[in-house]
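In what follows, a structure is listed as structure tokens, so that the remarks can point back to it.
The values are calculated or read from the model by the stated rules, or taken from the named source; none is laboratory data. Remember, predicted model here, so these are calculated numbers, not experimental data. Here the Cβ is made from the backbone with ideal geometry for all residues, glycine too, and neighbour counts use every protein chain on show. SASA here: full protein model, heavy atoms, side chains in, ligands and nucleic acids out. Shrake-Rupley method; radii C 1.70, N 1.55, O 1.52, S 1.80 Å.
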Amino acid sequence: MRGVNAALGAAGLAGFLALGEAVPRLGLVEEDYFPPTSRIADALGTEITDPAFWTALGDTLTGWALGLAIAVGAGIVIGVVLSVVPYLREATASTIEFLRPIPSVALIPLAVLLYGTELRSVLLLVVYASFWQVLIQVLYGVRDVDPVAEETARSYGLGTWARIRHVLWPTALPYVMTGVRLAAAVALILAITAELVIGAPGLGARIAVAQTSQAVPEMYALIVVAGLLGLLINVGARSVERRALAWHQSVRGEVTV
Amino acid sequence: MLDVRGLKKVYEGSGRRIEAVRDLTFTVGAGELVCLVGPSGCGKTTLLKCVGGLLAPTAGEVSLSGRKVDGPPPGMAFVFQEYGRSLFPWMRVGDNVELPLRQKDLSRARRRELVGDALASVGLADAAGAYPWQLSGGMQQRVAIARALAYEPEVLLMDEPFAAVDAQTRADLEDLVRRLWRERGITILFVTHDIDEAVYLGERVIVLSASPTVVREQLRVDLPAERDQVHTRVAPRFAELRTRVYEQIQAAKRGAATPAKADMPPSG
Ligand SMILES: Nc1ncnc2c1ncn2[C@@H]1O[C@H](COP(=O)(O)OP(=O)(O)OP(=O)(O)O)[C@@H](O)[C@H]1O
Ligand SMILES: [Mg+2]
């Protein structure tokens, strides 16, 4: 079944690429704006031999990884503190509901004012967008703690810290993992958006340069790279999730049978 | 040792007000094994949680060795009715049993030893590496009991611990509790709804009334300390005691205020 699905997927992709080759060649669309697949592949080949491309990729990944790390760390710590300290959750709920829907891109002007085109500009946007993904999941996860498990821990004299570590954290972990996976995707979007709009160095800025210099195939090649990056990040996040939650998946399996 | 005086617990919240326990007073001596029986919903779990310092009583107080209980006291272990949820599914059986020991000042080797002994005494020596959800319900309950034993408590609170295991396992576990109690001299407060179990296990049986709950009767079980499933359960004295407890429970369910007399003349 798996093999068949993989074969179907590969066939679909091949078909899509062939269509991308044929449609511009047949003159159905303007070739200048929609270059055929082979020319994009050529451009991609040239890109990956250019050291500047790798520097740009490195810049994007730096902004992404650093921003994601800060967001995940802050989201987890703040989420746990909000849940553990009595009344803090209730006191902050409305503020969170107000801040969370603000689109990160709306903060672009602020980022420019504060940091110009530095990495910190990118970080501001990436952190703001991904932080909420993690925080909300942590808050949900913590609420899932089984009262019996919590009482067991208390009855054996586990202190606050031990209960966080051995009960609250493992319970919240599946939610945290989901949060991290969502945050990783959002962080990439924001990193590239910031580079594209603000001109901070990275893949986004390179796409903007390709666009203004009419290097259309190069522009597409960079877009493909950004897409592949997103794909890799998602696959990576899922495999980390599976590994960390081996026990949890099995519990679920047992319950649903 | 364990003193419960005038204990009252009222649950309040979401518009409902439930008086789970009205007025309970009893004591459990050091090294005694006392069984609590009462109809379902009469507040046995509530009582046990108050004794274990997990719930604050609305009125009255619980004291352990003269000290007031206002949080889980050290040296007390609790075996929960919902044993499945009481084990941590993210930890292997061995780690589940070991976790409470990490709060104590013990060497690694000593912890290992306690975990090994406790699991062996419930017949699960080779299950240390399994996850709780890989075990049957009865095995999970034995792990929960092993966890309590490894903790080496002075006081052990057990809330209907054998309700979900088959008759054979149940008999084995009952004998295990009796054996451990005699070997280690722990004080045990054992909640059950099974009258035979209460009489078989206990040195004393406390019968609770239906909600609102008070102590209905306390019965000394004057069976020999050496008990076994085959002979004790057919002894005439055993039958007398269980009949006595049975009558009390039936009366409690009917909500009679005073102990029922079997030979009351028919009215009218
Ligand atoms: N957390 C709670 N909030 C509100 N009411 C509760 C709560 N826990 C128990 N009660 C109520 O208190 C009463 C006694 O419950 P409890 O669980 O102590 O009974 P029990 O004797 O242990 O019953 P069983 O033999 O079925 O386990 C019940 O009426 C129950 O509805
Ligand atoms: Mg109960």
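Overview of results
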item	result
For residues of B:87-94, the mean tally of beta carbons on other chains within 10 Å	5
Label point distance in nm, A:R120-B:V214, each placed 7 Å from Cα along Cα→Cβ	7.3
Rg followed by Dmax, in Å, when the stretch B:82-152 is reduced to its Cα trace	10.8, 32
Alpha carbon convex hull of the protein assembly as shown, projected area averaged over orientations, nm²	36.5
Cα convex hull of the stretch A:60-244 - mean projected area over all directions, nm²	11.7
Estimated dipole of the stretch A:60-244 in Debye, rounded to 20 [Cβ of Lys and Arg +1, of Asp and Glu -1, Cα centre]	260
The stretch B:82-152 - charge dipole about Cα centre, Lys and Arg +1 at Cβ, Asp and Glu -1, debye rounded to 20	140
Cα-based reach from B:K44 at 14 Å (exclusive), listing aspartates and glutamates while leaving out same-chain residues under 8 positions away	B:E19, B:D23, B:E82, B:D159, B:E160, B:D194
Backbone N within the stretch A:90-118 under 18 Å of label point (7 Å from A:T160 Cα along the Cβ vector)	A:90-92
Shielding by other protein chains, A:155-167, mean Cβ within 10 Å	5
Estimated inter-spin distance, B:A225 and A:D42, nm [label 7 Å along Cα→Cβ]	9.8
Exercise: per-residue mean of other protein chain Cβ atoms within 10 Å, B:53-64	1
Among B:A252, B:A125, B:A77, residue whose mean-square fluctuation peaks in a GNM of chain B (springs only between Cα atoms under 10 Å)	B:A125
Options A:I223, A:G116, A:A184, ranked by Cα towards positive dipole end of the stretch A:60-244, top entry (Cβ charges)	A:A184
A:E97-A:R243 FRET efficiency (beta carbon distance; Förster radius 51 Å; 0.05 resolution)	0.90
Cα-centre dipole for chain B with unit charges at Cβ (Lys and Arg positive, Asp and Glu negative), debye to 20	560
Summed residue charge, Cβ within 10 Å of B:R111's Cβ, Lys/Arg positive, Asp/Glu negative	+3
B:A59 versus A:L19: modelled label distance in nm, points set 7 Å from Cα along the beta carbon direction	7.7
Length added when fully stretched, B:Q250-B:E183, from 0.36 nm per residue minus Cα-Cα	20.6 nm
30 Å Cα-Cα reach of B:K49 towards lysines, excluding residues that sit fewer than 8 places from it in its own chain	B:K8, B:K9, B:K68, B:K104, B:K253
Per residue value of the accessible surface for chain B (all protein chains in place, 1.4 Å probe), Å²	45
